[in-house]
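Heads up, the thing below is written out as structure tokens.
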Number of protein chains: 2
Amino acid sequence: MTTIIDGKKLAQKINLQTTKEVAKLKGQGIKPGIAVILVGDDPASKMYTRNKQRKAEKLGMNSILKTFPSDVSQQVILDEIKALNSDDTINAILVQAPLPQQIDADVITSAIVPSKDVDGFHPQNLGRLYANQAGNYPVACTPKGIMTILKEYHVPLVGQHAVIVGRSILVGKPMAALLLNEDVTVTVAGHHTKNLASLTKQADILIVATGVGHLIKAEFVKPDAVVIDVGIDHDDNGKLIGDVDFDAVKDVVGAITPVPGGVGPLTIATLMQQTVELTKWSQING
Amino acid sequence: MTTIIDGKKLAQKINLQTTKEVAKLKGQGIKPGIAVILVGDDPASKMYTRNKQRKAEKLGMNSILKTFPSDVSQQVILDEIKALNSDDTINAILVQAPLPQQIDADVITSAIVPSKDVDGFHPQNLGRLYANQAGNYPVACTPKGIMTILKEYHVPLVGQHAVIVGRSILVGKPMAALLLNEDVTVTVAGHHTKNLASLTKQADILIVATGVGHLIKAEFVKPDAVVIDVGIDHDDNGKLIGDVDFDAVKDVVGAITPVPGGVGPLTIATLMQQTVELTKWSQING
């Protein structure tokens, strides 16, 4: 029997824990605060941003939104980040992707102070993760949420072979780092990979984040594999689908995340969880 | 016919270029400077340090050595790094590994200003590399030297499958990052990996950095693979050997680095090359 991983249920569990942590901080006179910077009026970005804000408020946190027109200069965004970096009521700062062409995402990413970098994209945080450094630092929320799934579902890690399809700093690269740090053998594939199926078929754990709907078919997976689908795509009828052909794959593998209801809810729950963690760490560090 | 990669010859070529760059800088009144911090009296560390110093001087650079007893406190080393960070005559700082137990290597690594971090171990530099950021930043010298080998020998990269055995921040992790950035499919294996031979046998490019002498035998490699051996081990008779059983593997593969005379000379030539690069970048940035 294939396990259908219930991302919604697991997200609720994390949110419950976050609510408790927020209440505990409230007793100390502290309210975690998250600031979201939104540039332009991409409808999807607006929706994601609104969801994050609502969730933060529902969990008892402060949430502020800073919106800018799509032709805003990079300097204006940098000035805003600078102000938020030194704002004691803000513990987490995120800049909603994508950014317009005149803004260099690398510059923006490096401008957020590492201790408020709730997306974990700052090179210093990514580097600490990749180096497997001890201590407290934020990690990209989607892969961090996937680790929560793997642990919650008792997926064996040490010595297993994970294949990650996709190499972004949102998912693929931090995911590879997290798994290497758990003594997993890791293969990272991309759109240049030849014979993708022969690689993915070796995976004990298959993580797919490509944005190519239904890329992974039944013949791409090993029986009993654990399949994590990060894709959010639409089929020809506008129906939400993942990077994995769920109906074809689900009877072959051991466990699989659905789309929607798999990784998605975990990402936002992890974002909230990490906002609280950043708040607590800022208390420790001064 | 198997290509035996000539690391010495390639190192000489790089050193010649470095000498020219040093002469050019001299014309501008600039002399690159490298500072090496050595803690304790491990004979191998002393030898490596001496080699680096001699090479730097031979190439016309300033080289200073700061030695400390093995019971030195971490604070003393941090104070020394702080002084070197603000010393305008020093462009490159490295702390020779290994460090004694009372010193936290992560703290030391993060204390060196990223612009003088010639080993490329600072999390910010490692993170920038892993994120494939544009711009100038140092990269760990052994994997950077291996990229020079792969390019000099016209080894195809895009879409090829590299298997890296070993996950250190000296070799395996930055190597994986460099190859991912060149659109290579990358597998990173470690001592926990099951069925190592079945993985390494898939490699178009096999890079081994484990410290386990003769780990890789003929049945571990694919015909025509390019094999890069980073190991420096000793057999029972005290003879220098690599992680690859050279005599057994060399007739199977397409190209292979010997030990000694393969990767080793490239590492030190790259260290010198990167010292000059850091010097030039410091002119650009201020």
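Placing a label point 7 Å from the Cα of residue B:251 along the Cα-to-Cβ direction, the residues of the range B:189-220 with a backbone N closer than 19 Å are B:216-220.
In plain terms, if you count all Cα to Cα distances in the protein assembly as shown and split them into 20 Å steps from zero, the share in each step is 19, 51, 28, 2 percent.
Quick check of the Kirkwood formula: for the range B:10-66, what is the inverse mean of 1/r over all pairs of different Cα atoms, in Å? Show your work: numbers first, answer last.
Details: mean 1/r = 0.0814 Å⁻¹.
Roughly 12.3 Å, rounded to one decimal.
Provide the net charge surrounding residue B:273, with neighbours chosen by a C-beta distance below 12 Å and charges set as Lys +1, Arg +1, Asp -1, Glu -1. Local charge sum for residue B:273: +3. Take each residue in A:175-187, count the other chain C-beta atoms within 10 Å of its C-beta, and the mean is 5.
Residue A:218 label point (Cα plus 7 Å toward Cβ) to equivalent points in the other copies: 4.2 nm, shortest first.
Per residue, the convex hull spanned by the Cα atoms of the range A:141-263 measures out at 96 cubic angstrom.
Considering every residue in B:130-143, what mean count of other chain Cβ atoms within 10 Å of its Cβ is obtained?
Working: counts 11, 14, 4, 9, 2, 3, 0, 1, 0, 0, 0, 0, 0, 0.
Mean shielding count: 3.
Taking the DSSP bridge list for the protein assembly as shown and keeping only pairs wholly inside it, about 10 percent are antiparallel. Between residue B:13 and residue A:151, the simple label model (points 7 Å from Cα in the Cβ direction) yields a spacing of 4.8 nm.
For residue A:212, project a label point 7 Å along Cα to C-beta. Then give me every residue of the range A:147-186 with its amide nitrogen under 18 Å of that point. Under 18 Å, as judged by backbone N against the label point of residue A:212, lie A:163-169, A:171-173 of the range A:147-186. DSSP bridge analysis restricted to the range B:171-286 gives an antiparallel fraction near 20%, rounded to the nearest 5.
Given chain A, what percent of its DSSP beta bridges are antiparallel, to the nearest 5?
Values: 2 of 32 bridges.
Around 5 percent of the beta bridges assigned by DSSP in chain A are antiparallel ones.
Taking the three principal axes of the alpha carbon atoms in chain B, the coordinate ranges are 52, 42, 36 Å, sorted in descending order.
A Förster radius of 60 Å, combined with the Cβ-Cβ distance separating residue A:73 from residue B:239, puts the computed FRET efficiency at roughly 0.40. Per-residue packing, averaged as other Cβ atoms within 10 Å, sorts the ranges A:79-86, A:159-166 into the order A:159-166, A:79-86, beginning with the highest.
Using just its DSSP H runs of length 4 or more, each adding -39500 (n - 2.57), chain A gives a mean residue ellipticity at 222 nm of -12500 deg cm²/dmol after division by all residues. In a Gaussian network model over chain A where Cα atoms closer than 10 Å are linked, find which of A:49, A:18, A:193 has the largest mean-square fluctuation. Comparing A:49, A:18, A:193 in a Gaussian network model of chain A, the most mobile one is A:193. The simple spin-label model puts a point 7 Å past each Cα toward its Cβ; for residue A:132 and residue B:201 those points are separated by 2.7 nm. For the range B:141-263, a crude dipole built from +1 on the beta carbon of Lys and Arg and -1 on the beta carbon of Asp and Glu, taken about the Cα centre, is about 360 debye to the nearest 20. Computed packing ranks the peptides A:226-234, A:254-262, A:210-218 as A:226-234, A:254-262, A:210-218, most packed first, by mean other Cβ atoms within 10 Å.
Placing a label point 7 Å from the Cα of residue A:76 along the Cα-to-Cβ direction, the distances to the matching points in the other copies come to 5.6 nm, shortest first. Computed from backbone phi, the HN-Hα couplings of the range B:72-84 come to 4, 7, 4, 4, 5, 5, 4, 5, 5, 4, 4, 5, 5 Hz, rounded to whole numbers (Karplus: 6.51 cos²θ - 1.76 cosθ + 1.60, θ = phi - 60°; Gly and Pro given as x).
What ranking, highest mean first, results for peptides B:96-105, A:131-140 when packing means the other Cβ atoms within 10 Å averaged over each residue?
Values: B:96-105: 14.6, A:131-140: 19.1.
Taking the mean over residues of other Cβ atoms within 10 Å, the ranking is A:131-140, B:96-105.
Tally Lys/Arg at +1 and Asp/Glu at -1 over every other residue whose Cβ is under 10 Å from the Cβ of residue A:94; what's the total? Mind showing how you got there, number by number?
On the way: positive: A:52, A:116; negative: A:117, A:119.
Charge balance near residue A:94 sits at 0.
Once R0 is set to 45 Å, what does the formula 1/(1 + (r/R0)^6) return for the Cβ-Cβ distance between residue A:45 and residue B:85, expressed as a FRET efficiency to the nearest 0.05?
Between residue A:45 and residue B:85 the formula returns 0.65.
Computed about the Cα centre, the dipole magnitude for the protein assembly as shown is approximately 740 debye when only Lys and Arg (+1) and Asp and Glu (-1) carry charge, each at its Cβ.
Comment: the Cα-to-Cβ extended label point of residue B:156, at 7 Å, lies 3.6 nm from its counterparts in the other copies, nearest first. For the segment B:158-165, counting C-beta atoms of other chains within 10 Å of every residue's C-beta and taking the mean gives 3.
Report the local net charge at residue A:155: Lys and Arg +1, Asp and Glu -1, summed over other residues whose C-beta lies under 13 Å from its C-beta.
Working: positive: A:151; negative: A:152, A:182, A:204, A:224.
Local charge sum for residue A:155: -3.
The numbers here are math on the coordinates, done by the rules we state, and not lab data. From a predicted model like this one, the values you see are computed outputs, not experimental measurements. Cβ sites come from the backbone with ideal geometry, for glycine too, and all protein chains shown count toward neighbours.
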